[in-house]
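Structure first, then comments.
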Amino acid sequence: MSSTTTKTTKSPAQGKVDYDPIIKELPEQQLIQWLRDMLLIREFEVRTMQSYQNKKIGGFCHVYIGQEAVAVGSFAALKPEDPVITAYRCHGQALARGIEPKYCMAEMYGKIGGCAKGKGGSMHLFDKSNNFFGGHGIVGAQVPVGAGLAFASKYIDEVINEGASTRVAMAFLGDGALNQGAFHEAMNLAGVLDLPLVVVCENNGYAMGTAIDRGTTRGDNISAKADGYGMEGFVVDGMDVLRVYADMKKIVDAARAECRPKFVDMRTYRYKGHSMSDPRKYRTKEEEQQYESQDPLDRLMMYLKATTSFSDEQYKTMNKDVRAEVKAAIKWAEQSPEPTPDEQLYHDVFVEEFGPYTGTSVPEMLEEWEKPDSQKS
Amino acid sequence: MANLTLVQAINLALIQEMEDDDRVIILGEDVGPNGGVFRVTEGLHQRFGSDRVVDTPLAESGIIGSAIGLAMAGLRPIPEIQFEGFLGPAFDQICTHAARMRTRTRGALTVPLTIRVPVGGGIHAPELHSDSPESFYAHQPGLKVVMPASPYDAKGLLISAIRDPDPVIYFEPKRIYRAFREEVPEDEYTIPIGKARVVSEGDDITIVSWGASVVQCMKAIEASDRSIELIDLRTIYPLDIETIEASVKKTGRVVVVHEAPLTAGFGAEIAARVMEHCFLYLEAPVQRVTGFDTIMPYYKLELEYLPEAERIATAIDHVAAY
């Protein structure tokens, strides 16, 4: 982590990482769990791509491969009661926050077994019980809502429960969203209202096909923007889960203790295209290979092997388990019932007293048409 | 009972709902010590403090976006937007998040949000401060849209809106903020959302209107010797077609009056519904008296644009003579 006042740190050379002391204190089991969490996201996304290509998943699809360390490391720094919100590339975050893979997969299949009964789809995964407030499709528009979640946490803790503010909200956005007005309004609001909000920009370098320095001022160091909103900005190496955790733990703890917002430039890389239909003509194979060579899963594996007794055999078993879990998720999605208009199309627009909605202006007229001619009035 | 203006009735409803429920929180530009542009939140900051009556930066998307987050987290935020024209910057938040959250999450997350917005012309203000955008929001599934035309309804509808589990856009016709007083009960009461009010009964013609135009309709009716039934919609969406239908089946002649421009104004929806529901009862085509398909003019021509009593009277004659 480096704050805006210090020079940006470069990614460390592999195998020579000097981690923060808090990493050395973590139990081995914790690190192994993070490896499994990242592996689960990776495997889930690989199978998601296959299902999309097999036309089992409709709409659009934005996979998280390459960015796994961001979700896993950031959420490890939060408490379960801390609200979280993100944008459309939300599969990895949903899984890292604890939604079962089968509910995520069925959601993308548009089936009843999905976390929103197949109504939200790939970009709109939600889980209220895990304080995961979505998955949102409009770039940047989720950041003010995140500010509202922070505001609500503070208000409930301080005004309703008459205690100290104890929770921190975390709002993710991509680097493309930095140029949306909603982001700036939310940053200013968080700064001026002292909201306990950690804004994490998952900076993968591209707003769809537009490289950050072509579309964003101070693209070389976006954490400098935080200063304009009276908050601290940080740069974090998002390709290494141990660094993500160590840095985010300090940032989140500070936001909680000070009841103040923080901004994080989380340097990461998506290995795949923006969406499934992206030919990636805007970057080179060499660049992709360079990032893939610092793969977050490999880096954690290397650390585990160097510092613990974690074995290839254990990894093999983990991999087998994860594959089975994702396979079961696919099976759940495939076997889950299809939505029916009667159950799924007309409901949940308003609280039920105002529904259901028929989609025709005079439903009685339809019924009339369906009658045999002899019975028509 | 107290004799209150529409502003005072809203102010009273806000105070009572805030006293009853500490989840209710007000936010907006200058809503605090200043009491808002139209002084609707006057005295609330003094009474409830900065934690519950929150002055925000000038940032409508941020105000509505954060109010949506507050509502998703279980609070009952009431953001104020200063003028209906300033809803534009918040349109994305309203239609992208507020309206869709219940559907998108199958009811797991809802947005019990009341957006208070002064609306309409007649106060010598320019465009963007005199517009009537209610049909923009009525068209978005997932939003309820209300607009009271009297102090009594203003209080009861606002309490319903605040307690409603879904997002409500509560339009306040600024022309009648202080135009007249009405007896308003001290106690809390609700006016159901989705229910129109029959202002005056009649047999010859039905007039359907809402907001400040209702007052103009009353003037036109007073000057007419025909038996006219006036319906104040109170809620634009969900539309109370039953009340309209019952009236039109009696009168067979309909005039719809609103300030918004003609094309795709909510009057078009009412005309279509009347045709669907009462086709065989109609004695004349539905007449609309509306603003023109132009940008709201500056104040010198304001009354030319607004559907004033004289224009309504002409429409009454037309529909009667058809």
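The values are calculated or read from the model by the stated rules, or taken from the named source; none is laboratory data. The shown structure was predicted, so the numbers you read here are calculated from the model rather than taken from an experiment. For neighbour counting, all protein chains shown are included, and Cβ atoms are generated from backbone atoms with ideal geometry for every residue, glycine included. Ligands, DNA and RNA are stripped out before the accessible areas are found, and what is left, the full protein with its side chains, is counted by its heavy atoms. Shrake-Rupley method; radii C 1.70, N 1.55, O 1.52, S 1.80 Å.
Determine, yes or no, whether B:Ala9 is modelled with pLDDT of 95 or more, more than 19 Å from A:Glu185 (Cβ to Cβ), touching a strand residue (DSSP E or B) at 6+ places or on another chain (Cβ under 7 Å) and open to solvent by less than 10 Å² (accessible area, probe 1.4 Å).
Here the answer is yes, as B:Ala9 does meet what is asked.
Name the single residue that is surrounded by the fewest Cβ atoms within 10 Å (Cβ to Cβ) among those in the range A:137-163 being in a loop (DSSP other than H, G, I, E, B) and within 7 Å of another protein chain (Cβ to nearest Cβ).
A:Ile138
For the range A:216-248, how many residues are within 28 Å of A:Met38 (Cβ to Cβ), open to solvent by 10 Å² or more (accessible area, probe 1.4 Å), touching a residue at least 60 places away in the same chain (Cβ under 8 Å) and not acidic (Asp, Glu)?
The qualifying residues number 4.
If I ask for residues that are open to solvent by 10 Å² or more (accessible area, probe 1.4 Å), closer than 21 Å to B:Ile159 by Cα and within 23 Å of the chain's Cα centre (by Cα), which ones from the range B:38-79 would you list?
B:Phe38, B:Arg39, B:Glu42, B:Arg76
With the checklist (1) modelled with pLDDT of 95 or more; (2) within 12 Å of chain B (Cβ to nearest Cβ) in hand, flag the one item A:Gln93 doesn't pass.
Of (1) modelled with pLDDT of 95 or more; (2) within 12 Å of chain B (Cβ to nearest Cβ), only one is false for A:Gln93: (2).
Does the range B:45-64 contain any residue that is more than 24 Å from B:Glu134 (Cα to Cα), within 12 Å of chain A (Cβ to nearest Cβ) and part of a helix (DSSP H, G or I)?
First pass over the range B:45-64, keeping only residues more than 24 Å from B:Glu134 (Cα to Cα): B:45-57.
Add one more test, that the residue is within 12 Å of chain A (Cβ to nearest Cβ), and what stays is B:48-57.
Within this subset, residues satisfying the condition of being part of a helix (DSSP H, G or I) are B:48.
The answer is yes; a qualifying residue exists.
Which one of the conditions (1) assigned to a helix (DSSP H, G or I); (2) outside the structural domain of B:Phe91 (by TED's automatic domain parsing); (3) among the small types (Gly, Ala, Ser) does B:Ala161 fail to meet, given that it meets all the rest?
Checking B:Ala161 against (1) assigned to a helix (DSSP H, G or I); (2) outside the structural domain of B:Phe91 (by TED's automatic domain parsing); (3) among the small types (Gly, Ala, Ser), the one that fails is (2).
Does B:Pro173 satisfy the criteria of being open to solvent by 20 Å² or more (accessible area, probe 1.4 Å) and out of contact with any helix residue (DSSP H, G or I) (no Cβ under 6 Å at 6 or more places or on another chain)?
No; evaluated as a whole, the condition is false for this residue.
State yes or no: is B:Glu29 more than 8 Å from chain A (Cβ to nearest Cβ) and open to solvent by 30 Å² or more (accessible area, probe 1.4 Å)?
Working: more than 8 Å from chain A (Cβ to nearest Cβ): yes; open to solvent by 30 Å² or more (accessible area, probe 1.4 Å): no.
No, not satisfied.
Which residues, taken from the range B:154-204, are polar (S, T, N, Q) and either out of contact with any Leu (no Cβ under 9 Å at 6 or more places or on another chain) or under 27 Å from B:Gly85 (Cβ atoms) (or both)?
Result: B:Ser160, single match.
Taking the criterion of being at pLDDT below 95 and assigned to a helix (DSSP H, G or I), would at least one residue in the range A:53-75 satisfy it?
The answer is yes; a qualifying residue exists.
Got a sec? Which of A:Asp253, A:Asp194 is open to solvent by 20 Å² or more (accessible area, probe 1.4 Å) and touching a Cys at 6+ places or on another chain (Cβ under 6 Å)?
It is A:Asp194.
Go through the residues of the range A:100-112 one by one and say whether even a single one is closer than 23 Å to A:Leu178 by Cα and part of a loop (DSSP other than H, G, I, E, B).
No, the range A:100-112 has no match at all.
Residue check, A:Arg267 against (1) farther than 26 Å from A:Thr48 by Cβ; (2) open to solvent by 30 Å² or more (accessible area, probe 1.4 Å); (3) at pLDDT 95 or above; (4) not aromatic (Phe, Trp, Tyr), all met but one. Which one?
(1)
Of the residues in the range B:102-115, how many are at the interface with chain A (Cβ under 8 Å from one of its Cβ atoms) and touching a residue at least 24 places away in the same chain (Cβ under 8 Å)? Can you show your working first?
As a first pass, look at the range B:102-115 and keep what is at the interface with chain A (Cβ under 8 Å from one of its Cβ atoms): B:102-110.
Still in the list and also touching a residue at least 24 places away in the same chain (Cβ under 8 Å): B:102-103, B:109-110.
Selection size over the range B:102-115: 4.
Working carefully through the options A:Met38, A:Met108, find the one that is under 30 Å from A:Phe310 (Cβ atoms) and either in contact (Cβ under 8 Å) with a residue 24 or more places away in the chain or within 14 Å of the chain's Cα centre (by Cα) (or both). So that I can check it myself, show each step before the final result.
On the way: A:Met108 fails: under 30 Å from A:Phe310 (Cβ atoms).
Sole residue among the options that is under 30 Å from A:Phe310 (Cβ atoms) and either in contact (Cβ under 8 Å) with a residue 24 or more places away in the chain or within 14 Å of the chain's Cα centre (by Cα) (or both): A:Met38.
Wholly within the range B:214-313, which helices (runs of 4 or more DSSP H) include no fewer than the required count, namely at least 2 residues that are in contact with a helix residue (DSSP H, G or I) (Cβ under 7 Å, 6 or more places away or on another chain) and open to solvent by less than 70 Å² (accessible area, probe 1.4 Å)?
Where helices (runs of 4 or more DSSP H) fall fully within the range B:214-313 and carry at least 2 residues being in contact with a helix residue (DSSP H, G or I) (Cβ under 7 Å, 6 or more places away or on another chain) and open to solvent by less than 70 Å² (accessible area, probe 1.4 Å), they are B:241-251, B:266-278.
I'd like to check something: does the range A:113-135 contain any residue that is more than 10 Å from chain B (Cβ to nearest Cβ), open to solvent by 10 Å² or more (accessible area, probe 1.4 Å) and of a type in the set (D, E, K, R)?
The answer is no, given that none of the residues of the range A:113-135 is more than 10 Å from chain B (Cβ to nearest Cβ), open to solvent by 10 Å² or more (accessible area, probe 1.4 Å) and of a type in the set (D, E, K, R).
This table checks each residue for (1) hydrophobic (A, V, I, L, M, F, W, C); (2) within 14 Å of another protein chain (Cβ to nearest Cβ); (3) in contact (Cβ under 8 Å) with a residue 40 or more places away in the chain.
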{"residue": "B:Val117", "(1), (2), (3)": "yes, no, yes"}
{"residue": "B:Ser130", "(1), (2), (3)": "no, no, yes"}
{"residue": "B:Pro148", "(1), (2), (3)": "no, no, yes"}
{"residue": "B:Lys195", "(1), (2), (3)": "no, yes, yes"}
{"residue": "B:Glu201", "(1), (2), (3)": "no, no, no"}
{"residue": "B:Ile207", "(1), (2), (3)": "yes, no, yes"}
{"residue": "B:Ala212", "(1), (2), (3)": "yes, no, yes"}
{"residue": "B:Gln216", "(1), (2), (3)": "no, no, yes"}
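In the range A:166-191, which residue that is open to solvent by 10 Å² or more (accessible area, probe 1.4 Å) and of a type outside the set (S, T, N, Q) is nearest to the other protein chains (Cβ to nearest Cβ)?
Among them, the one singled out is A:Glu185.
Any idea which residue in the range B:83-101 is farthest from B:Gly142 (Cα to Cα), counting only those that are within 10 Å of chain A (Cβ to nearest Cβ) and open to solvent by 30 Å² or more (accessible area, probe 1.4 Å)?
Here the answer is B:Pro89.
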